[in-house]
Amino acid sequence: MQVCKFVAPEIIFGAGTLSQVGKAARRLGASRVLVVTDPGVIAAGWLEHMLPYVEDEHLDYAVWSTVTPNPKDYEVEAGAAYYQRHGCDALIALGGGSCIDAAKGIAILSTNGGRIHAYEGIDKIKRPLPPMVMVPTTGGSGADVSQFAIITDTTRRIKMTLICKSLIPDISITDPLLLTTKNAYLTASIGMDALTHAIEAYVSLAATFLTDVQALRSIQLISAHLQASVDSMENLAAKDAMARGSLHAGLAFSNAILGATHAISHQIGGMLDSCHGELNAVLLTYVMEFNLRTCPTRYASIAEAMNINISGMTALEAGQCAIVAIRRLARNIGLHARLADFGVTEEMIPILSATAMYDACMATNPREATCEEIAALIRTAL
């Protein structure tokens with residue numbers, strides 16, 4: 001009999017729930033919060049919109065907004081120093097996965113000390129973290145509900161994967177209205193990231209009945225609504241569906257972990273500082289082809305969740321249909337098709353494949369892979 005464990009934060013979901021952020025922090029005992037955000041979120045007006053809700057609860061706050069995409073080790077360490085200097089006792093992250101992961105890194109260092117590199121891997125955090133309230137603005141990373149943090153090691157030029165239940169935020173607030181200021185490219189790339197989370201969680205060696213229901217519902221929502229969300233910033237029904245899809249995917253992968261797509265994209269992103277979601281969009285179908293014969297019935301279920309008519313097909317045929325449909329979706333929403341478009345070259349493949357083998361996400365990929373097989377997979381996607 002399978003023994004399952006499922007962890008999640010308190011979740012507040014719905015249009016207008018940004019107004020709950022101050023109350024959420026106050027309930028957690030905060031008195032002075034560090035708000036972690038980025039210039040894009042500020043330009044969109046969401047920080048200005050949120051701060052009155054913090055002030056309404058008579059909370060002091062400081063704002064740290066120097067996060068860049070693929071948050072860097074030195075940024076996290078600078079943020080932790082800023083947190084200590086301003087005497088903060090809790091964090092609110094307002095932004096996408098980069099802001100949320102940076103906030104998690106700051107939380108680690110605020111109570112555990114040292115350098116962020118010491119916490120790479122699984123369960124390296126020993127001391128409790130300060131309260132964390134996460135407000136995602138991109139609808140795709142799932143970082144607001146996950147036990148992951150991804151931080152770039154700028155010396156080794158790789159992304160470090162930090163996994164620990166301590167990294168699960170206390171409260172996640174998802175307001176679909178925040179997705180209405182994203183441009184089409186960001187909507188597309190983050191949407192494909194969420195779809196990759198759901199698919200990799202569903203075929204993961206660590207999947208359970210608890211994660212399966214989350215993953216399949218995410219696949220249904222994203223495959224049905226991503227195109228419409230990309231096509232219109234004002235389509236509130238599509239934004240709501242994508243916010244839900246991201247939430248389901250985040251809960252799935254936080255508990256089932258991921259697979260080879262993320263193991264490889266982490267390495268490319270660390271080396272080239274590339275867009276994580278779009279890298280996943282390129283790699284996903286090649287990894288699916290690699291895994292297909294290992295778990296064909298799982299991929300057939302993915303095809304069904306995508307509303308593909310698989311009547312009369314074998315599981316392998318149905319899985320292949322899912323691969324074709326995902327590749328078509330990525331092209332239709334305007335994303336790149338090849339790794340070469342990001343600057344990946346043949347000369348980079350040996351180091352990328354070698355470092356991917358040590359990524360924590362590789363451990364739950366459904367098909368065991370050698371370094372040579374990962375190199376061949378990257379070369380196919382080149």
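The values are calculated or read from the model by the stated rules, or taken from the named source; none is laboratory data. Note that the structure is predicted; figures quoted are calculated from it, not measured. We place every Cβ from the backbone using ideal geometry, glycine too, and count neighbours over all the protein chains shown.
Would you check if S246 is surrounded by fewer than 24 Cβ atoms within 10 Å (Cβ to Cβ) and in contact (Cβ under 8 Å) with a residue 24 or more places away in the chain? Taking the combined requirement at face value, the residue does not satisfy it. Is it the case that A103 is crowded, with 24+ Cβ neighbours inside 10 Å, part of a helix (DSSP H, G or I), not assigned by TED's automatic domain parsing to the domain that holds F209 and not acidic (D, E)? Against the criterion (crowded, with 24+ Cβ neighbours inside 10 Å, part of a helix (DSSP H, G or I), not assigned by TED's automatic domain parsing to the domain that holds F209 and not acidic (D, E)), A103 qualifies. Find the residue count for the range 53-83, including only residues that are among the acidic types (D, E) and outside any helix (DSSP H, G or I). Within the range 53-83, residues that are among the acidic types (D, E) and outside any helix (DSSP H, G or I) number 2.
Residues of the range 200-215 being over 16 Å from M242 (Cβ atoms), surrounded by 20 or more Cβ atoms within 10 Å (Cβ to Cβ) and of a type outside the set (D, E), which ones? Walk me through how you get there before you give the answer.
First pass over the range 200-215, keeping only residues over 16 Å from M242 (Cβ atoms): 200-213.
Cutting the leftovers down to surrounded by 20 or more Cβ atoms within 10 Å (Cβ to Cβ) gives us 200-204, 207, 211.
Result: A201, Y202, V203, S204, A207, T211.
As for the range 130-151, it holds no residue that is more than 26 Å from S229 (Cβ to Cβ) and free of Cβ contacts under 8 Å to residues at least 40 places away in the same chain.
Scanning the range 146-165 for residues that are out of contact with any strand residue (DSSP E or B) (no Cβ under 7 Å at 6 or more places or on another chain) and surrounded by 22 or more Cβ atoms within 10 Å (Cβ to Cβ) turns up S146, I158.
Quick one: in the range 282-294, which of the residues that are touching a Phe, Trp or Tyr at 6+ places or on another chain (Cβ under 9 Å) and farther than 22 Å from A188 by Cα is surrounded by the fewest Cβ atoms within 10 Å (Cβ to Cβ)?
From the range 282-294, those touching a Phe, Trp or Tyr at 6+ places or on another chain (Cβ under 9 Å) are 282, 288, 291-292; that's our starting set.
From the residues that got through so far, the ones that are farther than 22 Å from A188 by Cα too are 291-292.
Details: N291: 23, L292: 21.
In this case the residue turns out to be L292.
Within the range 346-382, the set of residues being assigned to a helix (DSSP H, G or I), farther than 17 Å from R157 by Cα and not β-branched (V, I, T) comprises E346, C361, M362, A363, C371, E372, E373, A375, A376, L377, R379, A381. With the structure loaded, tell me whether L179 is in a helix (DSSP H, G or I), modelled with pLDDT of 95 or more and touching a Lys or Arg at 6+ places or on another chain (Cβ under 6 Å) or whether it fails that test. The answer is yes for L179. Just so you know, in the range 109-158 the residues that are among the small types (G, A, S) and part of a loop (DSSP other than H, G, I, E, B) include one that is nearest to L352 (Cα to Cα), and it is S141.
Here P296 meets the list (1) within 30 Å of A354 (Cβ to Cβ); (2) under 18 Å from the mean Cα position of the chain (by Cα); (3) free of Cβ contacts under 8 Å to residues at least 60 places away in the same chain almost entirely, failing just condition (2). Output the residues belonging to the range 84-100 that are assigned to a helix (DSSP H, G or I) and touching a strand residue (DSSP E or B) at 6+ places or on another chain (Cβ under 7 Å). Answer for the range 84-100, where residues must be assigned to a helix (DSSP H, G or I) and touching a strand residue (DSSP E or B) at 6+ places or on another chain (Cβ under 7 Å): C99, I100.
How many of the residues in the range 10-51 are buried (at least 21 other Cβ atoms within 10 Å of the Cβ) and outside any helix (DSSP H, G or I)? Here the count works out to 7. Considered as a group, the residues in the range 159-176 that are of a type outside the set (A, V, I, L, M, F, W, C) and in a helix (DSSP H, G or I) include one that is nearest to N255 (Cα to Cα), and that residue is K165. In the range 63-83, of all residues being in contact with a helix residue (DSSP H, G or I) (Cβ under 7 Å, 6 or more places away or on another chain) and among the small types (G, A, S), the one that is nearest to G277 (Cα to Cα) corresponds to S65. Each residue in the range 327-345 was checked for being under 13 Å from I264 (Cα atoms) and assigned to a loop (DSSP other than H, G, I, E, B), and 1 pass.
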